[in-house]
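The values are calculated or read from the model by the stated rules, or taken from the named source; none is laboratory data. Every value quoted in this text rests on a predicted model; they were computed, and no experiment measured them. We place every Cβ from the backbone using ideal geometry, glycine too, and count neighbours over all the protein chains shown. Heavy atoms of the whole protein, side chains included, go into the accessibility calculation; ligands, DNA and RNA do not. Shrake-Rupley method; radii C 1.70, N 1.55, O 1.52, S 1.80 Å.
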Amino acid sequence: MEENFSVVISEGDLARRVRELGAEISRDYAGRTPVLVSVLKGSFIFLADLARAITVPINLDFMAITRYGAGKRGGVVRIEKDLDLSITGRDVLFVEDIVDTGLTLGYLMRNLQAREPAGLAVCTLLDRRVRRLASLPIRYTGFEVPDRFLVGYGLDHREKYRNLPHIAALPEEGSGPGQPGMMIPPGYS
Ligand code: PRP
């Protein structure tokens, strides 16, 4: 890892929290076969670990999108690769790596809801709520994170660092070494 990166969530804490989320999802979806839907690329590591922590049968599917408008975060989304599976009448669990403004998720929720699934819930590993512009119901959250640029465990900076086994923060202008501290998942003290 770059020496001036700081670890925000360790590999062990990620593994523990993903196991907890998998157990919770398995309880909630007992007797059902949810479709886990994910958007390339950032979610791929979280999805791979979460899927193996879920003990009910699942289906998996992927979308690819591009965003444009006023910068990348303009909130206008174009679907480049759509789902292969029909989700009409299915229990859909949408899996995200991170929710920031919520504009991407808001668009995709409206798009998926129009296909009339039996249920549509969101599971995000990271919630950077401080940046939220659109209010969204998120059923499962791994960790709330501060307003720092994060990489690793699927998240990139210019397509690098997705393979770091932990979540790290890029250095902030003027910040000292070793910041910030470890993040705490909701419900933990
Ligand atoms: C991330 C993440 C969400 C989106 C969230 O994707 O996977 O799709 O940003 O941002 P929002 O809440 O502000 O809309 P990113 O652009 O990093 O692409 P990637 O998954 O290919 O890395």
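Pairs linking a residue in the stretch 31-48 that is among the polar types (S, T, N, Q) and at pLDDT 95 or above to a residue that is in a helix (DSSP H, G or I) and within 12 Å of the ligand (Cβ to nearest atom), with Cβ atoms under 8 Å and 6 or more positions apart or on different chains, are SER38/PHE44; SER38/LEU47.
Of the numbered criteria (1) within 27 Å of ARG16 (Cβ to Cβ); (2) touching a Gly at 6+ places or on another chain (Cβ under 7 Å); (3) within 15 Å of the ligand (Cβ to nearest atom), the one HIS166 fails is (3). As a summary of the residue check, GLU144 satisfies the conditions (1) more than 13 Å from the ligand (Cβ to nearest atom); (2) of a type outside the set (A, V, I, L, M, F, W, C); (3) on the phi > 0 side of the Ramachandran plot except for the one numbered (3). Within the bounds of the stretch 27-45, is there any residue that is under 17 Å from the mean Cα position of the chain (by Cα), among the aliphatic types (A, V, I, L, M), in a helix (DSSP H, G or I) and surrounded by 13 or more Cβ atoms within 10 Å (Cβ to Cβ)? Looking for residues that are under 17 Å from the mean Cα position of the chain (by Cα), among the aliphatic types (A, V, I, L, M), in a helix (DSSP H, G or I) and surrounded by 13 or more Cβ atoms within 10 Å (Cβ to Cβ), one finds at least one in the stretch 27-45, hence yes. The residues on offer are TYR107, TYR68, and the sole one that is open to solvent by 40 Å² or more (accessible area, probe 1.4 Å) and within 16 Å of the chain's Cα centre (by Cα) is TYR107. Selection of the stretch 1-18 for residues being open to solvent by 10 Å² or more (accessible area, probe 1.4 Å) and under 15 Å from the mean Cα position of the chain (by Cα) yields ALA15, ARG17. A single member of VAL77, VAL56, VAL95 is over 24 Å from GLU11 (Cα atoms), surrounded by 18 or more Cβ atoms within 10 Å (Cβ to Cβ) and touching a helix residue (DSSP H, G or I) at 6+ places or on another chain (Cβ under 6 Å), and it is VAL77. Taking first residues from the stretch 79-99 that are of a type in the set (Val, Ile, Thr) and partners that are assigned to a loop (DSSP other than H, G, I, E, B) and open to solvent by less than 50 Å² (accessible area, probe 1.4 Å), the Cβ contacts under 6 Å between residues at least 6 apart in sequence or on separate chains come to ILE87/PRO117; VAL92/PRO117; VAL95/SER43.
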